[in-house]
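See below for the structure under consideration.
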Amino acid sequence: MYLVTGCNGQLGTELRRLIPDAIFTDRDELDITDAAAVEQFVRDHNIDLVINCAAYTAVDRAEGDADLAEKINVDGPRNLAASAGKMIHISTDYVFDGTAHTPYTPDDETNPVSVYGRTKRAGEIAVLDNAKCAVVIRTAWLYSAYGNNFVKTMRKLGAEKESLGVVCDQIGTPTWAADLAAAIVQIIPQMNAQNSGIYHFTDEGVASWYDFATAIMELSNLGCQVRPIMTSEYPTPAARPAYSILDKNKIKKTFGIDIPHWKRSLEQCLKQF
């Protein structure tokens, strides 16, 4: 039996459509920070694989809430990995500092510059140290038709405003949660002790937040004018990696995954609105 934690988030919602027979929990059904509760739940439901989508993802709020971020992003994954043995764990590009100029590989040195990034990196280590078989997937700039995300925010603001300033000096790759969910489903039957480790998954291509916002306005037929601004003009409590392109060769070669370009996936996602 599969267990999907964080089921009400963007990725969990997409997985519910693809593997409806799994058990889906959020914090109301299972507190992953409670080791005894996790162990009991896994045993009672004969869980043999956990897909952990649960995370503390409020990047700026985490700067003043490090204890809770650590409980959810480190202790929770550790409890799940130790109880279930086999696990897919979702991590983030924020484990890198963003000073690179070429795509980050899964083996590149990490150097998170925020509480969120540090706790997510510690969670990766906890999973790999405690699970018998684990696939850790770092992703970035996740969006979908569900939950709160950049696409929904831009569409709302685009309908209300004539112009909008969006950061142009942070570079990454928008990733449709449905694409990541499909990749996870493809990975599950291929998992074994030999291919345990860290992998990267985003959609293909490169964009700034400005590029992403511009595409959202165009594809949504919104007349809002997007203006490029610098990160320094939009200060936030938590630092963001300025460059976080992830090298996906390992996940493509190991599991035979084809990855679409972010613009094509954005078009598909917007059809759901």
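Things to note:
- Within the span defined as region 193-200, every residue fails to be assigned to a loop (DSSP other than H, G, I, E, B) and touching a Leu at 6+ places or on another chain (Cβ under 7 Å).
- Test result for Ile32, buried (at least 20 other Cβ atoms within 10 Å of the Cβ), more than 17 Å from the chain's Cα centre (by Cα) and under 20 Å from Leu142 (Cβ atoms): yes
- Annotation note: Cβ proximity below 9 Å between a residue of region 208-225 that is outside any helix (DSSP H, G or I) and a residue that is buried (at least 17 other Cβ atoms within 10 Å of the Cβ) and small (Gly, Ala, Ser) (sequence gap 6+ or interchain) occurs for Ser208/Gly172; Ser220/Gly158; Leu222/Gly158; Gly223/Gly158; Cys224/Gly158; Cys224/Ala213.
- Given (1) out of contact with any helix residue (DSSP H, G or I) (no Cβ under 9 Å at 6 or more places or on another chain); (2) buried (at least 17 other Cβ atoms within 10 Å of the Cβ); (3) of a type in the set (Ser, Thr, Tyr), index of the condition Tyr56 fails: (1)
- Boolean, Leu180 is touching a residue at least 12 places away in the same chain (Cβ under 8 Å) and under 23 Å from Ser232 (Cα atoms): no
- Residue tally, condition closer than 15 Å to Asp179 by Cα and in a helix (DSSP H, G or I), over region 246-265: 7
- Listed by position, the strands (runs of 3 or more DSSP E) enclosed by region 1-108 that each have at least 3 residues that are touching a strand residue (DSSP E or B) at 6+ places or on another chain (Cβ under 6 Å) and either farther than 28 Å from Asp247 by Cα or of a type in the set (Lys, Arg) (or both) are 23-25.
- Reported count of residues in region 101-118, each being open to solvent by 10 Å² or more (accessible area, probe 1.4 Å), under 17 Å from Ala58 (Cα atoms), out of contact with any Gly (no Cβ under 8 Å at 6 or more places or on another chain) and in contact (Cβ under 8 Å) with a residue 24 or more places away in the chain, is 2.
- Filter pass, Ser220 being at pLDDT 95 or above, at negative phi and among the hydroxyl-bearing types (Ser, Thr, Tyr): yes
Okay, residues lined up against (1) part of a helix (DSSP H, G or I); (2) open to solvent by 10 Å² or more (accessible area, probe 1.4 Å); (3) under 21 Å from Asp107 (Cα atoms); (4) of a type in the set (Phe, Trp, Tyr):
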site: Arg138; (1), (2), (3), (4): no, no, yes, no
site: Gly147; (1), (2), (3), (4): no, yes, no, no
site: Lys152; (1), (2), (3), (4): yes, yes, no, no
site: Lys156; (1), (2), (3), (4): yes, yes, no, no
site: Ala159; (1), (2), (3), (4): yes, yes, no, no
site: Ala181; (1), (2), (3), (4): yes, no, no, no
site: Ile187; (1), (2), (3), (4): yes, no, yes, no
site: Thr202; (1), (2), (3), (4): no, no, yes, no
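- When residues of region 224-272 are limited to those that are open to solvent by 90 Å² or more (accessible area, probe 1.4 Å) and over 21 Å from the mean Cα position of the chain (by Cα), the one farthest from Val113 (Cα to Cα): Lys271
The values are calculated or read from the model by the stated rules, or taken from the named source; none is laboratory data. Note that the structure is a prediction, hence the values are computed from the model and not measured. Cβ: placed from backbone, ideal geometry, glycine included. Neighbour counts: every protein chain shown. For accessibility, only protein heavy atoms count, side chains too; no ligands or nucleic acids. Shrake-Rupley method; radii C 1.70, N 1.55, O 1.52, S 1.80 Å.
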